[in-house]
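S.K.: Here it is, the structure, as structure tokens.
Read-outs: derived from the displayed coordinates by stated rules, not from any lab. The structure presented is a predicted model; accordingly, all values stated were derived computationally and were not measured. Here the Cβ is made from the backbone with ideal geometry for all residues, glycine too, and neighbour counts use every protein chain on show.
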Amino acid sequence: MCEFCHKHGEGKKWYLRAGNYSEDLLSDVRRRKYIERFLFEPERLRADLEKLEKLDRAPALIREAITWALSNRQKRFHYGQVVPIEDLERILGFVNTVVRLPCICRKVTLGKERRYCYGLSISPGGGEFSRILGDVERSYLKGPDTSGFETLSKEEALEALREHEREGLCHTIWTFHTPFIGGVCNCDRSDCIAMKATVTHEFPVMFRGEYVAKIEPENCNGCRQCMKVCQFGAISHSGAEKRSVVDARRCYGCGICRAACSKEAIVLLDRTSVSAASNLW
Ligand code: SF4
Ligand code: SF4
């Protein structure tokens, strides 16, 4: 159970707690301003990425101290966690609305609008994320496609998320002013700044998932499809045994390898039940 589960989930998975999606939280002026700045100012994200690259070159002690301080600050505002598809399905079961919107990371890294992010909201009266952020919608989208946020049914959203999984993208869930949960993204190390920060620069801005993958050796034929899609380098292949194995210490529990395995040889275990990984977040 990650730190947020203790703090914002009342001892359960924090991202399954419906109150964390409430639009009451979004109507808080500070939170709303934070989201507006996040969406309006991609140049700030670009500058942050450049700072991370500079930080890599700093002496180890300075780098560790700055990373610790800034990562903890990040937890108060915009922090994420890897989430497998079954938990996303549970989340979609209780939210009121889902909208698909352009990914700010890809706007920065590719210079293009790519719709990989999903805003989620819930309120007693039936929430509507796109209505509340209507001003942002009009101002943010400057590209050729000006149709704004797309409202999806829950079924459409789940199918879109499954399609991202088939593309090899890792699902992540994000706070916008913790504990308000703004949405879900679908990430890879090439285009996602959060994954670059966490995995490449060792500057954590998201937790590992609540799970760890395990390959059942008797079902594995050693085809290595799982290795190709793992964004975290957590799978290796034994030439002698002709099968693949998961390094639990590197695994983020995204389940993307499972989606790629035609032999159904991969299962996700509760992280707390895997001693090698139970304290790694
Ligand atoms: S994709 Fe499945 S069958 Fe292929 S190596 Fe990985 S676990 Fe084994
Ligand atoms: S081994 Fe599987 S579950 Fe673990 S990080 Fe890699 S793709 Fe995700």
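S.K.: Going toward the positive end of the dipole of segment 141-281, with +1 on Lys and Arg Cβ and -1 on Asp and Glu Cβ, which of His164, Phe180, Val212 do you reach last?
M.R.: Final value for the positive-end residue is Val212.
S.K.: About the Cα centre of segment 13-94, how large is the charge dipole given +1 on each Lys and Arg Cβ and -1 on each Asp and Glu Cβ? Please answer in debye to the nearest 20.
M.R.: 360
S.K.: Whole percent per 5 Å bin, from 0 to the bin with the longest distance: what is P(r) over all C-alpha pairs of segment 1-119?
M.R.: 2, 8, 13, 19, 20, 18, 12, 5, 1, 0
S.K.: For segment 178-281, divide the Cα radius of gyration by the Kirkwood radius and give the resulting Rg/Rh value with two decimals.
M.R.: Radius of gyration relative to Kirkwood radius: 0.99.
S.K.: Just to be sure I follow the definition: excluding the sites themselves, where is the longest run in the chain that has none of the trypsin sites (Lys or Arg not before Pro) in a DSSP loop with at most 12 other Cβ atoms within 10 Å?
M.R.: 143-241
S.K.: Hey, what does the equivalent ellipsoid look like for the chain, semi-axes from the Cα gyration tensor as sqrt of 5 times each eigenvalue, largest first, whole Å?
M.R.: 30, 22, 19
S.K.: How large is the helix-only mean residue ellipticity at 222 nm for the chain, computed as the sum of -39500 (n - 2.57) over DSSP H runs with n ≥ 4, divided by its residue count, in deg cm²/dmol to the nearest 500?
M.R.: Value at 222 nm, helices only, nearest 500: -10500 deg cm²/dmol.
S.K.: Run the simple label-point estimate for Arg76 and Glu64 please: 7 Å along Cα→C-beta, distance reported in nm.
M.R.: 2.4
S.K.: Something else about it: What's the magnitude of the charge dipole for the chain around its Cα centre, counting Lys and Arg as +1 and Asp and Glu as -1 at the beta-carbon? Answer in Debye, nearest 20.
M.R.: Once rounded to the nearest 20, the dipole reads 720 debye.
S.K.: Cα to Cα, under 20 Å, and not fewer than 8 places away if on the same chain: which aspartates and glutamates meet these conditions relative to Lys263?
M.R.: In chain and number order, the partners are Glu86, Glu163, Glu165, Glu167, Glu216, Glu218, Glu241, Asp247.
S.K.: What full-extension length gain, to one decimal in nm, is calculated for Arg30 and Asp247 as 0.36 nm per residue of separation minus the Cα-Cα distance?
M.R.: Difference between extended and current length: 74.0 nm.
S.K.: Here's another thing I want to ask about it. Give me the net charge of Lys242's neighbourhood, meaning all other residues with Cβ under 14 Å from the Cβ of Lys242; Lys, Arg count +1, Asp, Glu -1. Don't skip to the answer; put the middle values down first.
M.R.: On the way: positive: Arg224, Arg243, Lys263; negative: Glu218, Glu241.
My count for the surroundings of Lys242 gives +1.
S.K.: Something else: Subtract the Cα-Cα distance of Lys228 and Ser190 from 0.36 nm times their separation in residues, and report this length gain in nm to one decimal.
M.R.: This chain segment gains 12.3 nm when fully extended.
S.K.: As an exercise, use a Förster radius of 30 Å and the Cβ-Cβ distance of Leu110 and Asp270 to find the FRET efficiency, rounded to the nearest 0.05.
M.R.: On the way: r = 36 Å, r/R0 = 1.19.
The pair Leu110/Asp270 has a calculated efficiency of 0.25.
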